[in-house]
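S.K.: I am attaching a structure below and will ask some questions about it afterwards.
The values are calculated or read from the model by the stated rules, or taken from the named source; none is laboratory data. Model, not experiment: these values are computed from the prediction. Virtual Cβ from ideal backbone geometry, glycine too; neighbours counted across all protein chains shown. Please note that ligands, DNA and RNA were not included when accessible areas were found on the heavy atoms of the full protein model with its side chains. Shrake-Rupley method; radii C 1.70, N 1.55, O 1.52, S 1.80 Å.
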Amino acid sequence: MPGEAASSAAADPPGAPRERRRRRGRARARTEALLHTLKRSRRVKANDRERNRMHHLNAALDELRSVLPTFPDDTKLTKIETLRFAYNYIWALSETLRLA
């Protein structure tokens, strides 16, 4: 009878072997070598993204430096000095406009 098969499987003793369940979705057994390759690939991609991010940030700071008045002209401001100077320069210009 069909109902007996289901009830007998539930009545198996705790140590009895059961059918192996099939894995679903993305979870699958991976070898140590495959895991190492995946981790290395992810790290290389993350490094590339970070390198590109820093290139874009440095390019933006260079562009900001080019519009800020500095004395002497050959002085290259650091990143934090550039941001602080830009903030103060914008504040000074807006104060000038407000007072005019």
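S.K.: Ignoring ligands, DNA and RNA, what percent of the 1.4 Å accessible area of segment 18-99 is carbon and sulfur? Intermediate results must be reported in sequence, preceding the final value.
M.R.: Working: 4510 of 8210 Å².
On segment 18-99, the fraction of accessible area on carbon and sulfur atoms equals 55 percent.
S.K.: Right, here's the next one. Per 0.36 nm of contour for each residue apart, how much would the distance between Ile90 and Met54 grow if the chain were fully extended, relative to their Cα-Cα spacing?
M.R.: Extra length from Ile90 to Met54 when fully extended: 10.5 nm.
S.K.: Sort 86-97, 69-80 for me by packing, meaning the mean count of neighbouring Cβ atoms within 10 Å per residue, highest on top.
M.R.: The peptides rank, most packed first, as 86-97, 69-80.
S.K.: Still on this model: For every other residue with a beta carbon closer than 10 angstrom to the beta carbon of Leu77, add +1 if it is Lys or Arg and -1 if Asp or Glu, then tell me the sum.
M.R.: Result for the local shell: +3.
S.K.: Hey, what's segment 18-99 come to in accessible area per residue, 1.4 Å probe, Å²?
M.R.: About 100 Å² of surface per residue is accessible.
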